Amino acid sequence: MRSAMTPAKHDLNRRLETMSWGLFLIMLGGFALLPSVPEGTWLLGAGIIMLGLNALRLVAGIRVSFFTVILGTVALLSGLGSVYGISLPVGPLLIILIGLAIIVRALDRSR
């Protein structure tokens, strides 16, 4: 059975999510002002923000969102590929990561 998140952790999680959105929007605006930034850099930044959010959740004892871990990983890999001119098979990577997330959830005894 799942334990409910305490009000303090719920508030912290909401603030972390809000700050992540703020960072994302600041990043997008900043990149729009700098035309010399490589095209996929925003994906790289989005991936770092999503994975960073989940790292902070983990440290704070808040349940990690596997959905944003998967999206963040795919964004990070896609951004790296785009910035360095490497074509990555995003579709198959996404399927593999979703499969891994399903296995991790099945192995998580706290659920």
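Every read-out reported here was derived from the displayed coordinates using simple, explicitly stated rules and does not represent laboratory data. Source: prediction; values computed, not measured. In this analysis, Cβ positions are derived from the backbone assuming ideal geometry, glycine residues included, and neighbour counts consider all displayed protein chains.
Hey, does segment 67-81 have a residue that's over 15 Å from the mean Cα position of the chain (by Cα) and not hydrophobic (A, V, I, L, M, F, W, C)?
yes
Scan segment 55-99 for residues that are part of a loop (DSSP other than H, G, I, E, B) and of a type in the set (Val, Ile, Thr) and jot them down.
ILE62, VAL64, ILE86
In segment 73-111, what count of residues is obtained for those that are under 29 Å from PHE31 (Cβ atoms) and basic (Lys, Arg)?
Residues meeting the conditions: 0.
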